[in-house]
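Participant: Got a structure here, written out as C-alpha cells. Questions coming.
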Amino acid sequence: MQPQLIAGNWKMNGLVSDGKALAADLLALQQGQDGVNAALLLCPPAPLLPLIGDILRDSPIQLGGQDCHAKASGAHTGDTSAQLLADIGCSHVIVGHSERRADHGESSAEVQDKAMAAMAAGLTPIICVGETEGERDAGRALAVIGDQIAQSLPDGAGPERTGFVVAYEPVWAIGTGRTATPGDVAEVHTHIFGLLSARFGAGAAQETAILYGGSVKPGNAADLLAVAHVGGALVGGASLKADDFWAIARSCAA
Ligand code: PGA
C-alpha cells in the first residue's frame, strides 16, 4: 500500500525568510529521523516555489503549487501555468480549493479543466471538494460532494490509476478549529471511494489517495488518518509550524 500523503498548504502566508526557515526546519526533522511513514509535500505561495524547491532539492519532500491556469500559456495576467510549475520542480498542484471556488468564483467545470492541464503537464492535481455548513445542516453534504466529484474530476489516466488525488475539505472545518468527526469522515470518504470505483474501476479507485483537510492538528491527526479510505491530509494552519506538521506526519500508521 502506498504511504499516506501529508500535504502542507501554506496559503498566502509568510515572507521569504519565513518560508526558508520553515522548509529548512522540516528538512532537518526529515533528515534527523527515519520514523515517518508518509509522503510529504509542501505547497508554498507561488513566488516562493523556486526558493523552497532549491532547499528541498535531493530530499524526499515534494513541492506543489496552490493553483494553476487551465491553459498552457497566453494572455492571463497573474496566472501560472501547470507547465511552469512542472518546470520549476513541482510534482503536485492543488486545484479547486474552496477558497479559490469562493474568492475567485471557480466552477467545478473550471476545476476540471485545471486538473486536466495539470495532468497534461505531468503533475498530480489534488482536486478539492467539500460542503458548506449550510449544505451539511440541510442534509445535502453527500449530494453536493457527489456533484463536485462528478463535475471536477477529469477522465482518469488509465485503468490502473486515475493520476489525481482527491481532497475532502468541509468548508466549515477549514481554519475554524472545528474538525469533522471520524464518523463523518468515514461516511464521506467511503462515499467518494464508491463514486471513484463506479467511474474509474475498483483498481484505479484503490490507487487514488483521498485526503482529509480541515483543522487537522497534531492532536486529532492520528484519529482522522486511521479512518478507512483516508489517504492522507491536506494541512493549512498547522503546516506553518514545522513541529506541528512533523507531528501530523508522524501520526501516519507504520
Ligand atoms: P486548515 O486548512 O488546516 O487551516 O483548516 C486546510 C486547508 O484549507 O487546506
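The values are calculated or read from the model by the stated rules, or taken from the named source; none is laboratory data. Just so we're clear, the structure is a prediction, and the values are computed from it rather than from any experiment. Don't worry about glycine lacking a Cβ; one is built from the backbone with ideal geometry, like all the others, and counts go over all protein chains shown. To get the accessible areas, we keep the full protein, side chains included, count just its heavy atoms, and leave off ligands, DNA and RNA. Shrake-Rupley method; radii C 1.70, N 1.55, O 1.52, S 1.80 Å.
Participant: So, of the residues in region 12-52 that are free of Cβ contacts under 8 Å to residues at least 60 places away in the same chain and part of a loop (DSSP other than H, G, I, E, B), which turns out to be surrounded by the most Cβ atoms within 10 Å (Cβ to Cβ)?
Facilitator: This residue is 44.
Participant: Anything in region 114-135 that is in a helix (DSSP H, G or I) and either open to solvent by 10 Å² or more (accessible area, probe 1.4 Å) or acidic (Asp, Glu) (or both)? List them, or say none.
Facilitator: The answer is 114, 116, 117, 119, 120, 133, 134, 135.
Participant: Mind checking which residues of region 200-229 are open to solvent by 10 Å² or more (accessible area, probe 1.4 Å) and in contact with an Asp or Glu (Cβ under 9 Å, 6 or more places away or on another chain)?
Facilitator: 200, 201, 203, 207, 217, 218
Participant: Next up: Hey, among the residues in region 55-87 that are open to solvent by less than 70 Å² (accessible area, probe 1.4 Å) and in a helix (DSSP H, G or I), which one's nearest to residue 131 (Cα to Cα)?
Facilitator: Across region 55-87, the extreme among qualifying residues is 82.
Participant: Do any residues in region 94-106 that are more than 12 Å from the ligand (Cβ to nearest atom) have Cβ atoms under 8 Å from those of residues that are open to solvent by 30 Å² or more (accessible area, probe 1.4 Å) and part of a helix (DSSP H, G or I), where the two are at least six apart or on different chains, and which pairs are they?
Facilitator: Listed pairs, sorted by first residue: 106/100.
Participant: When region 88-113 is examined, which residues are found to be assigned to a loop (DSSP other than H, G, I, E, B) and either over 22 Å from residue 6 (Cα atoms) or not hydroxyl-bearing (Ser, Thr, Tyr) (or both)?
Facilitator: If the condition is that a residue be assigned to a loop (DSSP other than H, G, I, E, B) and either over 22 Å from residue 6 (Cα atoms) or not hydroxyl-bearing (Ser, Thr, Tyr) (or both), then 88, 89, 90, 96, 97, 104, 105, 106, 107 are the ones that fit.
Participant: Any idea how many residues of region 152-171 are open to solvent by 30 Å² or more (accessible area, probe 1.4 Å) and farther than 17 Å from residue 208 by Cβ?
Facilitator: 1
Participant: Which residue pairs have Cβ atoms under 7 Å apart, sit 6 or more places apart or on different chains, and have a first residue in region 120-148 that is free of Cβ contacts under 8 Å to residues at least 24 places away in the same chain and a second that is of a type in the set (Val, Ile, Thr) and surrounded by 21 or more Cβ atoms within 10 Å (Cβ to Cβ)?
Facilitator: none
Participant: Please determine, by comparing only the residues of region 172-199 that are of a type in the set (Gly, Ala, Ser) and closer than 18 Å to residue 139 by Cβ, which one is most open to solvent (accessible area, probe 1.4 Å).
Facilitator: 183
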